Structures are given as structure tokens and as C-alpha cells.
1. Scan region 117-144 for residues that are touching a residue at least 60 places away in the same chain (Cβ under 8 Å), of a type outside the set (Val, Ile, Thr) and within 23 Å of Asp89 (Cα to Cα) and jot them down.
2. Every residue in region 44-66 that is touching a strand residue (DSSP E or B) at 6+ places or on another chain (Cβ under 7 Å) and at pLDDT below 95, please.
3. Taking Ala206, is it assigned to a loop (DSSP other than H, G, I, E, B), more than 11 Å from the ligand (Cβ to nearest atom) and over 16 Å from Thr142 (Cβ atoms)?
4. Are there any pairs, at least 6 apart or on different chains, whose C-beta atoms fall under 6 Å, with the first in region 179-197 and within 12 Å of the ligand (Cβ to nearest atom) and the second modelled with pLDDT of 95 or more and of a type in the set (S, T, N, Q), and if so, which?
5. Could you check how many residues of region 259-291 are more than 14 Å from the ligand (Cβ to nearest atom), without any contact (Cβ under 8 Å) to a residue 40 or more places away in the chain and assigned to a loop (DSSP other than H, G, I, E, B)?
6. For residues that are more than 9 Å from the ligand (Cβ to nearest atom) and in contact (Cβ under 8 Å) with a residue 24 or more places away in the chain, tally how many sit in region 224-258.
7. Of all residues in region 164-178, how many are within 11 Å of the ligand (Cβ to nearest atom) and either in contact (Cβ under 8 Å) with a residue 40 or more places away in the chain or assigned to a loop (DSSP other than H, G, I, E, B) (or both)?
8. Which condition number does Gly214 fail, the rest of (1) crowded, with 16+ Cβ neighbours inside 10 Å; (2) under 24 Å from Leu273 (Cβ atoms); (3) within 16 Å of the ligand (Cβ to nearest atom) being met?
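The values are calculated or read from the model by the stated rules, or taken from the named source; none is laboratory data. Bear in mind that the values here come from a model prediction, so they are computed numbers and not experimental data. All Cβ positions, glycine included, derive from the backbone under ideal geometry; neighbour counts span all protein chains shown.
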Amino acid sequence: MSAKILDGKSLAQNLRNHLKDEVAALKEETGLVPHLVNVMVGNNHSACAYAKAQEKAAEVIGIQYELQTLPEDVPFNDLCDCVQRLSEDETVNGIMIHKPVPAHIEYSSVAQYVDTGKDLEGINVTNIGKMLLGETKIIPCTPAAVMEHIKSTGVDLYGKEAVIVGHSVIVGKPLSLLLLEQFATVTVCHVATSEAGRLEEHVRRADILVVAVGKPSVIKGDWIKDGAIVIDVGINQIQDKIVGDVEFNAAKKKAAFITPVPGGVGPVTAVMLMRNGIEAFKAQLRKKGQL
Ligand code: NDP
């Protein structure tokens, strides 16, 4: 068997086209388009590349996108003031704070200054709580991208064994809720699972395997269950090459579907940010009776 490769670029393009139509319809009805602001501290190269990808996605979709750059040594309070001002600005519909931030800034503290209704990344405590209750359409971007890839396979998750490797706040934990919502039986593995020597046994029974660790080859190709869906979120630089966390060539002989790295989850993540922006915009318009 050779797995079908889940091409993130073409999935992202389809999703962008869909969002473009939605924004055009909203503009027709209200005369307005979403206005999103990305706050970046310093000039980190990889952060800039992601910001460029966002800018491009926004342009294609018809969203007004603004990058506000603050100096690397910006005081914590000044950054919080900036985010607070954007939160109070009626013309701004969505806000994100670009990662990484310098060491003197505690990301989670600044993130709480983002108005919950403008939280593009869906990571504000209120939005995480609403997600648990199934009361929001603003979903953390990477888990949302994983779910879009799984949806694109057409496989029904009801009763399936889903195994997530990695339990971070931005990927593994919120993803476990999204998979549960689809009635998958969810197992979340982490460093202690590996230390207990039990990672392989969990991976071997996964109908859906999602790996978000950040260690190349942490998942061996021969552990993959025949016919599984494998979503590799990991990004690792090995010399001049980017690889994921799963041994791709061996895994694709056993899986039914697999995402490549690069070109799998990454391109879809940027589009999910735009989708959150549109959802935030719509909710704000509804609140004002404009939609
Ligand atoms: P974190 O470092 O926050 O989390 C990594 C997780 O992996 C932790 O839960 C950790 O467990 C677990 N872990 C570490 N070693 C092992 C091991 N040997 N066996 C099992 N679990 C282990 O990373 P992120 O969640 O932020 O990111 C994970 C990867 O995904 C990175 O490569 C990152 O670059 C990539 N990424 C890709 C995105 C995309 O859009 N494509 C977006 C976001 C991230 P513990 O905490 O217990 O140590």
C-alpha cells in the first residue's frame, strides 16, 4: 500500500477560495471587510516568513491585514497597552501576537489583553473554555488545520481510535477536544508515555495518528497501523532540510493517508487564522445588528 499524500497547499487553496466567496458576500451585504492586525515584536526571520504567508492569504481572500511591528526591546507594559488599544478599537476585528516573543515578554500574560471576541488564534482562556463547551467557531489554528486535513479524507471519526502524540496547549490539548466532539476515542501521549516505553503500543492501534512533538523520527514508520490517517504537525530543521516527526517514507507504505512536511499542516494553518478572523468579524457585526 502507498498512502495518499494529503497536499496542504491544494487544501489551503480550496479553503481560501471558499473564504474569498464568503468575504465577498459579506462585503456586498454590509459594505465592510474584516480588518485583522498582527502585532510582531522584533524582526525574527521565521516569524516574518509566517507573517508574509498571512499577508498573502489575506490579500487573496479580500481581508484587510495590518502588521504592527514593535522594537525587540519594547517594555512589557507598552506592548500590553498596544494590544489593549487594538482591543478597544472598533475598526479592528481580529488581533494576534506573533510568536516567538523576546525572553522578557511573557506571551500568555500579553495574550490576555486580546479582546476575547477578537482572538484570532483562539487561545484566550475564554475561547478555550467556550471550545470545551462547543460554543465558539474560533478554534486554535493548528488543531483546526489538522481537523480540515482529516475531514478531507472523508473518513468518519465515529468510534475510531485517535492517538495524539504531544500535549501542548496550542496543539495536542485543544485537538483532543475537537476529536472527542467527532466521537473518536482519544488517547493523548506525551513524554511520560515514551519514558514508560509505551508510545509504540499506542501508535500501533491508531486509526488516526496526529504527531506534534518537534523531534525527527520520534514515530517509526513500521509502528503505523495499516490504513491509518497520519497527520504530522512536527517541523524540524536537519541541516538545510525540513522534516516532520514521523519517518515519512516507511510510514507512507502502511498508512492510507499521510501529510508531508513541509507542505502538509503548515499551509492550512495560515488559512485557519483568516477563517477565525472572518468568524470574529461576523460575530461583531451580529452584535451590532449589522448582519
Ligand atoms: P511543544 O514543545 O510545546 O510540545 C511538544 C510536545 O511533545 C509536549 O507535549 C511534549 O511532552 C511532547 N514530547 C516531547 N518529547 C516526546 C517524546 N519523546 N515522546 C512523546 N512526546 C514527547 O511543541 P508544540 O506543540 O508547540 O509544537 C510541536 C511541533 O509542531 C514542533 O515541531 C512545532 O514546530 C510544530 N508546529 C507546527 C505547526 C504547523 O502549523 N505546522 C504549528 C505549531 C507547531 P512534555 O510536555 O511532557 O515534555
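1. Gly117, Lys118, Asp119, Leu120, Glu121, Gly122, Lys137
2. Within region 44-66, Ala47, Ala51, Gln54, Glu55 meet the criteria.
3. Taking the combined requirement at face value, the residue satisfies it.
4. Once the first residue is within 12 Å of the ligand (Cβ to nearest atom) and sits in region 179-197, its partners that are modelled with pLDDT of 95 or more and of a type in the set (S, T, N, Q) give Val188/Ser176.
5. Qualifying residue count, region 259-291: 2.
6. Selection size over region 224-258: 22.
7. 10
8. (1)
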